[in-house]
Amino acid sequence: MRHAVIVAHPNETSFTLAVARTYVKTARQRGHETVLRDLYRLDFDPRLKSGEIPQTEGFGPAPDVIEERAVLEATDVFVLVYPLWFYAPPAMIKGYIDRVFGMGFGFGGIQGGGNSPLLRGRKLLSFTSSGSPIEWIEQEGAWTAIRTLFDDHLAQVCGLTVLDHIHAGGVTLGMRPDAVAAHLDKVCKTVERLF
């Protein structure tokens, strides 16, 4: 099984990157192939170009998107790892989804009044973090919104199966090492439970 771990955080020593690296290490220990797509270190451009929009005549993916799609082509499990900023995914991860998972990779042309999903049989798993406790995010309605508008919608359009969305709340600078370790242990246990 091949996992593509797509992570978005500007700080290379962040909790978010630690989650991604822990996932990669645990999946590899279980005999799975992994590829880490660290969007900031790749200097990925999240800005959708006008020529990439399907309504534009002669539209098509830019060369960087073609390369990224080639890296992801044989992926069985797409793992998104990102912080919640203002209770939403950062622009980097949203732009990546817009550009890479768009027409020709995530879905095909309109048939019978809708798009044709191209990633059927593949899985989606998300790991997020925030400074706010999960209870606050739930009270604000943001948890339901992100699960519906991001996870479920992406899965529905592309034909993916959502495996889970694990959130670590209360992630702040100066977190105690044992709290970090507990969160990272949950990542390991999630991989072990699902694979």
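Observations, loosely collected:
- Figure legend. Inter-residue proximity from the stretch 81-97: first residues under 13 Å from residue 128 (Cα atoms), second residues acidic (Asp, Glu), beta-carbon distance below 9 Å, spacing 6+ or different chains. Indicated pairs: 87/140.
- Qualifying residue in the stretch 11-27 (condition: in a loop (DSSP other than H, G, I, E, B), touching a residue at least 24 places away in the same chain (Cβ under 8 Å) and either among the aliphatic types (A, V, I, L, M) or touching a helix residue (DSSP H, G or I) at 6+ places or on another chain (Cβ under 6 Å) (or both)): no
- Some residue of the stretch 139-161 being in a helix (DSSP H, G or I), touching a Ser or Thr at 6+ places or on another chain (Cβ under 7 Å) and open to solvent by less than 60 Å² (accessible area, probe 1.4 Å): yes
- Considering (1) in contact with a Ser or Thr (Cβ under 8 Å, 6 or more places away or on another chain); (2) assigned to a loop (DSSP other than H, G, I, E, B), the lone condition that residue 79 does not fulfil carries the number (2).
- Residue that is least open to solvent (accessible area, probe 1.4 Å) [pool: residues in the stretch 108-138 that are without any contact (Cβ under 8 Å) to a residue 12 or more places away in the chain and over 25 Å from residue 64 (Cα atoms)]: 114
- Test: residue in the stretch 168-179 that is part of a helix (DSSP H, G or I) and open to solvent by less than 40 Å² (accessible area, probe 1.4 Å): yes
- Test: residue in the stretch 99-107 that is of a type outside the set (Gly, Ala, Ser) and surrounded by fewer than 17 Cβ atoms within 10 Å (Cβ to Cβ): no
- Residues (at pLDDT below 95, surrounded by 15 or more Cβ atoms within 10 Å (Cβ to Cβ) and not charged (D, E, K, R)) located in the stretch 42-60: 48, 59
The values are calculated or read from the model by the stated rules, or taken from the named source; none is laboratory data. As the structure is a prediction and not an experimental result, all values here were calculated from the model. Don't worry about glycine lacking a Cβ; one is built from the backbone with ideal geometry, like all the others, and counts go over all protein chains shown. For accessibility, only protein heavy atoms count, side chains too; no ligands or nucleic acids. Shrake-Rupley method; radii C 1.70, N 1.55, O 1.52, S 1.80 Å.
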